[in-house]
Amino acid sequence: MTDRYALFGNPAKHSKSPQVHAAYARETGQDMTYEIIEPPLDGFAAAVATFRASGGRGGNVTMPFKLEAFALATDLSERGRIVGAVNTLKFEGNRIYADNFDGVGLVSDIQRNIGLPIRDRRVLVLGAGGAARGALLPILEQRPTRVVVANRTVPKAKALENPFAAFGNLVTGGYPDLGDEAFDLVINATSASMRGELPPVTRAAFAPGCVAYDLVYGKGLTPFLALARDAGARRLADGIGMLVEQAAEGFEWWRGVRPSTRAVIDSMAVPLS
Ligand code: NDP
């Protein structure tokens, strides 16, 4: 029987996840479907229950339901517990297993696809929302020299110290606290690029030859990436690789087989110029 998976989000119709999972299923010969479910904002748990009752085997979760998915899980991975939000669910009997592969996908893309080892690098993360939160643990696990998180709303950045400072050298604050410090890897984990906005970071943050990574994808050369290019970044990237890599992690967790990601990333990439 064909196994069913789904993406739960609102809005979610724009998502590229169905294309990604269809490509993985084709490549690995898995008999499965992957659909989009867009529950009303107060209807996530009910939508999951309906999907499970009709034979659903698992799903991805995107905004705004990652915290609710965390609350719904019966069995959380350690990573999911530390992050406090999950993006992948697996249904087995009456259990709901949950994990968060967003940050792992980001780190895979940076290290494997872009070729920048994070170890011993200076890393700047802009933003302190769910995506930044999900990224921190996998980044710190690579043992960078230092990770600085800057956010417009400073208390949200400060709130990350307690769960994550135990895992490495983590400093949090506002944009003015950055001063003239330069970084080898600058990650824009804000949603500013969705609206063509630039978070208040300056050219000084980009060390010569650094990598600049915008989590938003499909928008081409965002104001953040343009600033990085002008400041001398050697490599610009958007978040399509992160999306594809986190999907591969989830796919392997569900199906027990690892799909290849390179061709999928290439088929979905848009020029960053
Ligand atoms: P949240 O809504 O949780 O957080 C948004 C963050 O962006 C906050 O830190 C907010 O700051 C900051 N922000 C928004 N606008 C501005 C601005 N103009 N200037 C400075 N800071 C700004 O969103 P998420 O963390 O869940 O997602 C962030 C982005 O990452 C989204 O656009 C999403 O598309 C993308 N993403 C990509 C993924 C991928 O696979 N490529 C996976 C997950 C997310 P403040 O706290 O001050 O409001």
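The values are calculated or read from the model by the stated rules, or taken from the named source; none is laboratory data. No experiment lies behind these values; they were computed from the predicted model shown. Please note: Cβ atoms are built from the backbone with ideal geometry, for glycine as well, and neighbour counts cover all protein chains shown.
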Only one of these conditions is not met by Ala228: (1) in contact with a helix residue (DSSP H, G or I) (Cβ under 7 Å, 6 or more places away or on another chain); (2) within 16 Å of the ligand (Cβ to nearest atom). Which number is it? (1)
May I ask you to list the residues in the range 176-191 that are under 18 Å from Arg133 (Cβ atoms) and surrounded by fewer than 20 Cβ atoms within 10 Å (Cβ to Cβ)? Ser191
Single residue of the range 219-237 satisfying the filter (among the charged types (D, E, K, R) and under 14 Å from Ala205 (Cβ atoms)) that is surrounded by the most Cβ atoms within 10 Å (Cβ to Cβ): Arg229
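The rows are residues; the columns are (1) more than 14 Å from the ligand (Cβ to nearest atom); (2) assigned to a loop (DSSP other than H, G, I, E, B); (3) hydroxyl-bearing (Ser, Thr, Tyr); (4) surrounded by 24 or more Cβ atoms within 10 Å (Cβ to Cβ).
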site	(1), (2), (3), (4)
Arg133	no, no, no, yes
Leu136	no, no, no, yes
Val171	yes, no, no, no
Pro200	no, yes, no, no
Tyr213	no, no, yes, yes
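Within the group Thr88, Thr62, which residue is out of contact with any strand residue (DSSP E or B) (no Cβ under 6 Å at 6 or more places or on another chain), polar (S, T, N, Q) and closer than 30 Å to Ser267 by Cα? Steps first, answer last, please.
Details: Thr88 fails: out of contact with any strand residue (DSSP E or B) (no Cβ under 6 Å at 6 or more places or on another chain).
Going through Thr88, Thr62 in turn, the sole match is Thr62.
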Residue pairs meeting the criteria (Cβ under 8 Å; at least 6 apart or on separate chains; first within 12 Å of the ligand (Cβ to nearest atom), in the range 95-111; second modelled with pLDDT under 95 and in a loop (DSSP other than H, G, I, E, B)): Asn100/Ala85
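For Met194, are the conditions met, namely being in contact (Cβ under 8 Å) with a residue 24 or more places away in the chain, buried (at least 23 other Cβ atoms within 10 Å of the Cβ) and at negative phi?
Criteria not met by Met194.
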